[in-house]
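Step one of this worksheet: look at the structure below.
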Amino acid sequence: MNEKYAPSEVEQAARDHWNAADAYRVTEDASKPKFYACSMLPYPSGKLHMGHVRNYTINDMLTRQLRMKGYNVLMPMGWDAFGLPAENAAMKNKVPPAAWTYDNIAYMKKQMQAMGLAIDWSREIATCKPDYYRWNQWLFLKMLEKGIAVRRTQVVNWDPVDQTVLANEQVIDGRGWRSGAVVEKREIPGYYLKITDYAEELLAAVADPADKNYLSGWPERVRLMQENWIGKSEGVRFAFPHEIKGADGQLIQDGRLYVFTTRADTIMGVTFCAVAPEHPLAAHAASLKPELAAFIEECKQGGSTEAELATQDKKGVPTGLFVTHPLTGAQVEVWIGNYVLMSYGDGAVMGVPAHDERDFAFARKYGLPIRQVVAVDGETYSTEAWAEWYGDKQRGVTIHSGELDGLGYKAAVDKVAALLATKGLGEKKTTWRLRDWGVSRQRYWGTPIPIIHCDSCGPVPVPEKDLPVVLPEDCIPDGSGNPLNKRADFLNCSCPSCGKPAKRETDTMDTFVDSSWYFMRYCDASNDKAMVGAGSDYWMPMDQYIGGIEHAILHLLYARFWTKVMRDLGLVKFDEPFTNLLTQGMVLKGAFFRKPPEAGKNYYWEQDVDVIRNEHGQPVGGTLKADGLPLEYEMTTMSKSKNNGVDPQALIDQYGADTARLFVMFAAPPEQTLEWNDAAVEGAHRFLKRVWGFGAKHADAIKAAGKDFSALSDDAKALRREVHLVLKQVSYDYERMQYNTVVSGAMKLLNALEGFKGTGAGDHAVLREGFSVLLRVIYPACPHITHALWVELGLAAELGDLLDAAWPAVDEGALVQDQIELMLQVNGKLRGAIKVAASADKAAIEAVALASPDFEKFSEGKAPKKVIIVPGRLVNLVV
């Protein structure tokens with residue numbers, strides 16, 4: 001065999017072997033335990049990044065090791081291929097999104113294959129292909145039939161120049177990212193999926209350990225994130241009565257301004273009410289005071305989601321309108337607040353500045369009264385600065401609240417609810433933060449919504465026999481609205497009900513639809529008769545899902561919801577799609593930057609920087625070569641936008657895929673962040689060269705070695721014990737997916753093998769066994785080099801292809817020691833070591849210690865006064 005390690009040759013030969021054997025094609029097999037391991041499918045952006053390499057290597061290690069343990073393992077791959085980035089690229093490059101997407105898929109697939117991933121490519125899917133998205137359309141129509149999908153208006157960002165709806169990320173400082181026009185908020189019709197119908201079930205599985213579907217295999221923080229997003233709140237919904245009449249002379253909203261609160265105990269502290277800019281009272285106030293209309297228009301340019309509103313500056317204006325406090329009869333002024341969402345609850349909130357941090361800041365800003373109505377023993381209230389206890393509902397009792405005085409939180413809420421109920425103004429109610437999922441997108445590159453609009457019949461579902469509604473793939477968006485509106489061959493059709501000329505719906509589905517069930521399609525990827533079938537019955541629910549924490553809320557929540565809808569339609573037999581979840585950490589790398597006067601950071605590539613390092617050789621700053629001016633340094637997420645990305649392909653070209661895989665597994669546990677280190681990459685490569693070099697050096701001995709361990713030297717027994725100790729530990733580490741310590745174990749094993757000097761027949765047997773264990777231990781991380789060595793050393797001929805070689809079993813007999821080593825101390829100081837029989841009693845150990853040269857040397861001829869023996873560890877002779 002070649003004495004030098006040549007990664008490119010080794011890896012190409014291994015891939016050729018696997019391809020010729022179609023090694024990764026998986027079929028359902030009832031005779032084996034199944035294991036479905038899946039990484040979140042990537043967006044085909046054009047190139048893999050190191051986050052992809054890490055994610056897929058984690059999956060690959062899991063897959064390969066379980067296959068060796070006898071599991072039937074599925075590891076599929078596909079492409080989340082619809083979405084806005086393709087449209088942006090199309091406008092920039094003047095090519096159809098389809099062409100850009102398919103080119104990127106081809107390149108990224110080639111990169112994945114170069115990584116040696118054990119992917120069953122026969123199950124590959126792309127969400128932009130009609131044979132996939134037809135089932136999006138089919139299930140949407142089923143949801144429509146069941147009332148799960150409904151049509152209603154939605155608030156969107158509208159660019160009046162480009163005549164198009166913008167995603168939130170396309171609105172920059174209230175203006176369209178392309179046109180620069182002031183963005184408007186418009187209410188337009190769209191389709192919603194009633195995920196709220198499943199809120200209780202979705203919540204129970206992440207919040208209630210007693211629930212039959214509790215997701216105990218998920219990280220606690222992900223369960224908590226989902227629980228908070230679903231946001232079940234128990235409180236009181238009640239009304240502030242009023243006499244405000246509209247232009248028609250009728251009481252607006254029947255003379256009641258409804259709010260919901262979880263802090264009904266603070267109702268006596270209300271000093272104002274705030275309504276959303278779209279609220280009927282806000283519109284009425286603007287009709288009386290035209291100056292209010294300008295503020296309402298300003299609010300329409302802001303965010304439309306709760307997350308956006310949480311970060312923006314809180315602003316408000318008084319309307320001059322007043323409502324009546326339902327318990328005291330006091331007049332309460334109504335304000336318009338930019339932080340109040342019409343789509344949440346009733347579009348209005350009660351303002352209790354003394355006990356709500358947001359209301360406190362708002363009241364301080366506008367000089368509104370702050371009335372304390374909850375007190376905590378030993379604490380003093382101040383209106384000058386917010387204190388954490390002001391909002392603590394568990395510690396305090398009510399004050400300045402009349403008949404509520406002295407009550408704790410729960411008792412006060414119950415009392416308020418009872419008082420309001422007697423007046424017919426309120427009741428206890430449960431609300432949810434979760435809102436129905438709006439799936440209509442006024443964009444081109446997505447799944448067409450299968451609806452036809454008829455002037456006579458209204459919106460009409462496309463008949464099932466006419467699915468899929470195929471998206472034209474040759475459109476090139478130009479920023480002037482959805483190009484489907486200009487495609488007569490797509491737009492014009494006949495009404496399925498009356499036959500009259502009609503128009504197709506040009507909205508497309510939210511791309512979260514595509515990723516909400518793709519993992520089930522892998523199970524039945526070639527089934528053209530049904531959305532899912534027998535494959536899904538066999539493989540699902542998924543045993544291990546792997547992906548980034550950034551998908552912990554929406555993607556996972558929508559996938560769970562979609563699964564439950566499919567269950568209720570009789571398509572699947574399980575409640576939750578993912579049994580275990582691993583959220584791998586981000587890849588970090590140092591970046592050099594400068595802060596310009598205007599804002600933000602300008603980043604520079606390291607090759608353009610004269611790096612300044614500390615005494616440990618670590619970067620701490622630098623100067624830009626171009627101008628000699630200083631740069632700052634930070635450890636941050638690796639990305640092209642920060643000019644600190646590492647191209648996996650360049651790494652593979654230089655060192656080989658196995659080095660890249662080994663480094664990302666060794667550098668940190670899978671769930672923790674990984675700090676990129678060029679020296680550590682070099683170290684991973686050196687380790688693989690050592691593995692290859694050891695195999696080449698001992699090839700003849702390994703090939704000729706037998707399996708007889710009956711007559712071994714002490715050194716051979718010690719090596720064999722070390723091999724099986726390491727094997728026992730790494731087998732455990734594989735079970736808990738701690739792959740960094742698996743690699744550490746492999747390195748420890750190689751060190752032991754390299755340090756072994758045996759030459760006899762039994763020694764060769766131990767050497768052969770030890771190296772075969774090393775190859776199997778490191779194979780899931782580095783499949784190419786281990787495959788080559790497995791074949792070269794004759795192990796494949798005897799034990800079969802490494803792909804399906806049995807995982808090595810720990811020989812407990814090898815762990816039994818004939819002799820043990822004990823540290824020798826004299827007067828508590830370490831002076832040497834002794835070897836004794838493993839079964840030696842106290843007297844035998846003492847005799848060996850007293851006879852040792854080290855005791856003779858350091859005792860100065862004195863007899864011991866005391867002998868202290870710590871079993872298995874040391875002997876201390878006190879003289």
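Some observations on this one:
- Looking across Ile449, Ile476, one residue alone is modelled with pLDDT under 95 and surrounded by 15 or more Cβ atoms within 10 Å (Cβ to Cβ). It is Ile476.
- Pairs linking a residue in the stretch 23-48 that is under 13 Å from Ala118 (Cβ atoms) to a residue that is assigned to a loop (DSSP other than H, G, I, E, B) and at pLDDT below 95, with Cβ atoms under 9 Å and 6 or more positions apart or on different chains, do not occur.
- Pairs, first more than 11 Å from Pro277 (Cα to Cα) and assigned to a helix (DSSP H, G or I) in the stretch 293-307, second at pLDDT 85 or above and among the small types (Gly, Ala, Ser), C-beta under 9 Å, six or more apart: none
- Summed over the stretch 11-22, the residues that are surrounded by fewer than 21 Cβ atoms within 10 Å (Cβ to Cβ) and in contact (Cβ under 8 Å) with a residue 60 or more places away in the chain give a count of 5.
- Top-ranked residue of the stretch 491-522 - restricted to ones that are part of a helix (DSSP H, G or I) and either touching a residue at least 40 places away in the same chain (Cβ under 8 Å) or in contact with an Asp or Glu (Cβ under 8 Å, 6 or more places away or on another chain) (or both), ranked as nearest to Gly458 (Cα to Cα): Asp514
- Every pair of residues 6+ apart whose Cβ atoms lie under 9 Å, when the first sits in the stretch 449-466 and is in contact (Cβ under 8 Å) with a residue 40 or more places away in the chain while the second is hydroxyl-bearing (Ser, Thr, Tyr) and assigned to a loop (DSSP other than H, G, I, E, B): Ile449/Thr506; Ile452/Ser497; Cys454/Ser497; Ser456/Ser497; Cys457/Ser497; Val460/Ser497
- Restricting the stretch 594-649 to residues that are hydrophobic (A, V, I, L, M, F, W, C) and either touching a residue at least 60 places away in the same chain (Cβ under 8 Å) or at positive phi (or both), the residue that is surrounded by the most Cβ atoms within 10 Å (Cβ to Cβ): Met638
- Selection status of Val462, among the aliphatic types (A, V, I, L, M) and farther than 14 Å from Phe140 by Cβ: no
- Residue match in the stretch 584-593 (condition: over 28 Å from the mean Cα position of the chain (by Cα) and of a type outside the set (Phe, Trp, Tyr)): no
- Which listed residue is assigned to a helix (DSSP H, G or I) and over 30 Å from Val165 (Cβ atoms), from Arg358, Arg371, Arg364: Arg364
- Output for the stretch 1-43, where each listed residue is within 18 Å of the chain's Cα centre (by Cα) and part of a loop (DSSP other than H, G, I, E, B): Met40, Leu41, Pro42, Tyr43
- Just one of the listed residues (Leu822, Leu850, Leu799, Leu877) is closer than 23 Å to Leu66 by Cβ and aliphatic (A, V, I, L, M), namely Leu799.
- Qualifying residue in the stretch 217-238 (condition: surrounded by 15 or more Cβ atoms within 10 Å (Cβ to Cβ) and more than 37 Å from the chain's Cα centre (by Cα)): yes
- Only one of the listed residues (Val161, Val150, Val156) is outside the structural domain of Met531 (by TED's automatic domain parsing), buried (at least 17 other Cβ atoms within 10 Å of the Cβ) and either assigned to a helix (DSSP H, G or I) or of a type in the set (A, V, I, L, M, F, W, C) (or both). That residue is Val156.
- Residue-level analysis places Ala668 among those that are part of a loop (DSSP other than H, G, I, E, B) and either surrounded by 15 or more Cβ atoms within 10 Å (Cβ to Cβ) or over 31 Å from the mean Cα position of the chain (by Cα) (or both).
- The single condition among (1) under 22 Å from Arg776 (Cα atoms); (2) more than 25 Å from the chain's Cα centre (by Cα); (3) among the aliphatic types (A, V, I, L, M) that Ala90 does not satisfy is (1).
The values are calculated or read from the model by the stated rules, or taken from the named source; none is laboratory data. Note that the structure is predicted; figures quoted are calculated from it, not measured. A quick note on method: Cβ atoms are made from the backbone with ideal geometry, for glycine too, and the neighbour counts reach across all protein chains shown.
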